[in-house]
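Note sheet for the following structure.
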């Protein structure tokens, strides 16, 4: 009722429903609000008068040192746009503390020693959720020490900071692409820390990342999932997969596809399976395959069989087989390339056809314009160069992106020597 009374968007969407008796069990009857729809309707969705997208964006465009709280009350963050749609989210203080502190629920249950000295290397700008998570990690709370490095710093600076961090680093978190670089630095002898637990988030954790970690430190890569809409998911030490905070987030798992389960929805479901850890991804693809075999999905579009045929080896790390299955789909173009750009490129790069991966990158639009001359296409080019072992080109491209996108800050939030506790 709160939303219907204060938001034109929700007033229309909830029209005709008995809101006085509406309960959690009725939520699945509502259409899904996607990021794209939320951003297109932002000014009508929010329940605070005058809190427009233009004002929020203007607030986010300020430097970290000058930003503070929007209207002295709200914390605003922006997503990276990695999955295609950049979005902004606005929180009150209590809601944001609840969001960020979810991670502490699983400390010590994710596979790490709860007393381990942790180092993190993600975004440090408080425009992003991970940057604020870093800021929380610098608070003195009496717990184990926590070191923060900016994930966008030059690699040699990150390595130097980790080597010289005191107390010594015992657990390490970073983006998958950066974790692979750090693992390679360890193999080369330049990174001297010996973590007993590593965890990644924020990007697709590809087989080369897991193999690099395994080769460098003899351990398996843990993975967690963060969503700027307000939740995390962590391995919880009981069975496989990840655990979501059920008291904060309602999950709906239906054994049969919903009524509006069209081609695009199916494709997005496959994409989620491809981004999951191997054991989870294999089960996910098997379930989708069983639905297709049963005839539920067969009429969606002609490429469904080829898509699943490539997805099955992809989640097992067999990139050559995935590339063979997916190669005919490239000619289809359109939304398939837009949805599966990253796994397609990873498969073709790893499967011996980097030229086709480059063709896909050129064919698919960024989804957002350049900022100071750098765009997401430059980021993807840097990632591709790193995957192909062209370290010099990867560093050159990444350096240009960092130079264009960096924002100076006068506060010591997350340097390697900003010790704190989590």
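The values are calculated or read from the model by the stated rules, or taken from the named source; none is laboratory data. From a predicted model like this one, the values you see are computed outputs, not experimental measurements. Don't worry about glycine lacking a Cβ; one is built from the backbone with ideal geometry, like all the others, and counts go over all protein chains shown.
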Hits in region 172-192 (condition: in a helix (DSSP H, G or I) and in contact with a strand residue (DSSP E or B) (Cβ under 7 Å, 6 or more places away or on another chain)):
176, 178, 179, 182
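Here is a yes/no grid of residues against (1) modelled with pLDDT under 75; (2) assigned to a helix (DSSP H, G or I); (3) in the same structural domain as residue 210 (by TED's automatic domain parsing); (4) more than 20 Å from residue 161 (Cβ to Cβ):
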residue: 382; (1), (2), (3), (4): no, yes, no, yes
residue: 392; (1), (2), (3), (4): no, yes, no, yes
residue: 397; (1), (2), (3), (4): no, yes, no, yes
residue: 404; (1), (2), (3), (4): yes, yes, no, yes
residue: 414; (1), (2), (3), (4): yes, no, yes, no
Condition broken by residue 229, with the remaining ones in (1) in a loop (DSSP other than H, G, I, E, B); (2) under 18 Å from residue 121 (Cβ atoms) satisfied
(2)
Where the second residue is modelled with pLDDT under 85 and not in a strand (DSSP E or B) and the first is on the phi > 0 side of the Ramachandran plot and surrounded by 20 or more Cβ atoms within 10 Å (Cβ to Cβ) and lies in region 202-229, which pairs have Cβ atoms under 7 Å and are six or more apart or on separate chains?
202/130
Considering region 60-81 alone, what residues qualify as being at negative phi and either assigned by TED's automatic domain parsing to the domain that holds residue 123 or assigned to a loop (DSSP other than H, G, I, E, B) (or both)?
61, 62, 63, 69, 73, 79, 80
Every residue in region 364-378 that is touching a helix residue (DSSP H, G or I) at 6+ places or on another chain (Cβ under 6 Å) and at pLDDT 65 or above, please.
373, 374, 378
